[in-house]
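Here is the structure we will look at, set down as structure tokens.
What follows draws every value from the coordinates through simple rules; no lab data is involved. In this text, all values refer to a predicted model and were calculated from it rather than measured experimentally. Glycine also receives a Cβ, built like all others from the backbone with ideal geometry; neighbour counts cover every protein chain displayed.
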Amino acid sequence: MIVNAEGIVLRQRKIANNRRMIVLFTRQYGKLSAGTSINERSRSKSALALRPFTHAEYDLFKGRESYSINSAGVLDSYYSIGEDINRYMTAAAFLEYLEKVLDEGAAMPGLFKLSLDFLGSVSVVKSNADTLLYAFIVKSLRMLGVMPEMGCCVNCGKDLEEIQVPRMFSVSSGGVICPDCADIENQGGSALIYKPGFDIINVMRFFESKPLKAFEKIELKKEDAKVVREIIANYTERYLDVDVLRKSDGEG
Ligand SMILES: [Zn+2]
């Protein structure tokens, strides 16, 4: 059966018989792996559509157990990601994040649209690509069903307004936490609680509510960015089992 899909190339690797396996995030079918014998070095229109970051249309043959790519056509290559090391590293972390959090065959059209927005924005940012990635990840959490609790204490339900600012955020419990519950959790010994000098809840809500495009021009203060990175890194590691923010320290 031939199916048509619009997708983003997450990764490619060599397999046997001079073929390659391309991992795609498609709008229609979610993540899927497809084999192809289209030559990487050829300058054909199909070959260009197999490079990481590329947004393209694919004609896929769907066999009983696997897909293979018959032909493809580029919609956007986002070539300017490769012109800047900061953009490139951040976009590579974005691809790795997507590959890990997506399930094969589960369509996520909202996250697909957000991913295209991310690629468009990361292609034009100057120094603040990291902030864009933090915003993308926070936005993705709700779609992936792991959004932290931000409206009340995650453990006792105490209203947000009754908790003194700057509020604490518990990675171990999964959201904002009141001082009483933080004490209890700390006694347990394995708590992972942050008390930043700024209001983490406002920052998280800001990431969630503003369109990604707005983050092309927003840069967090360096010391704040470090804490935000650490919280998101620990949170995604705990709830999604991904650690893409651990590999570089974000100081470059
Ligand atoms: Zn509480």
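For region 65-105, GluC sites (Glu not before Pro) meeting the loop criterion (DSSP other than H, G, I, E, B) and having at most 10 other Cβ atoms within 10 Å: 65. Normalised radius of gyration (Cα atoms, divided by 2.2 N^0.38 Å) for the chain: 1.13. In the chain, the longest principal axis of the Cα atoms and the axis of helix 222-240 are about 70 degrees apart.
The Cα atoms of region 68-107 give a gyration tensor whose axes a ≥ b ≥ c have a/c of 1.5 or more with a/b no greater than b/c, which makes the shape oblate. What is the helix-to-structure angle for 85-101, meaning the angle in degrees between its Cα long axis and the longest Cα principal axis of the chain, kept from 0 to 90 and rounded to the nearest 10? Orientation of helix 85-101: about 90 degrees from the principal axis. The phi-based Karplus calculation (6.51 cos²θ - 1.76 cosθ + 1.60; θ = phi - 60°) puts the 3J(HN,Hα) values of region 60-72 at 10, 9, 9, x, 5, 10, 8, 9, 9, 8, 7, 7, 7 Hz, whole numbers, x for Gly and Pro.
The DSSP beta bridges internal to the chain are antiparallel in roughly 90% of cases.
Sparsely packed loop sites in region 1-65 (the trypsin sites (Lys or Arg not before Pro) outside DSSP H, G, I, E and B with at most 14 other Cβ atoms within 10 Å) comprise 41, 43, 64.
What is the fewest-to-most order of 193, 231, 15, 2 by other Cβ atoms lying within 10 Å of their Cβ?
Working: 193 16, 231 21, 15 13, 2 8.
Ranked by crowding around the Cβ, least crowded first: 2, 15, 193, 231.
Axis of helix 200-209 versus longest Cα principal axis of the chain: the two differ by about 30°, to the nearest ten degrees. Considering only 16, 192, 95, the residue lying farthest towards the positive end of the dipole of the chain is 16, judged by Cα position with unit charges set on Cβ.
In the chain, helical runs assigned H by DSSP with n ≥ 4 each contribute -39500 (n - 2.57); averaged across all residues and rounded to the nearest 500, the mean residue ellipticity at 222 nm is -11000 deg cm²/dmol. Ordered by the number of other Cβ atoms lying within 10 Å of each residue's own Cβ, fewest first, 133, 114 fall into the sequence 114, 133. For the chain, the residue among 124, 49, 112 whose Cα projects farthest onto the positive side of the dipole built from Cβ charges is 49. The string of couplings for region 22-35 from the Karplus curve (6.51, -1.76, 1.60, θ = phi - 60°) is 10, 9, 10, 9, 9, 5, 7, 10, x, 6, 8, 10, 9, x Hz, one whole number per residue in order, with x for Gly and Pro. Of 192, 132, the sequence from fewest to most neighbouring Cβ atoms within 10 angstrom is 192, 132.
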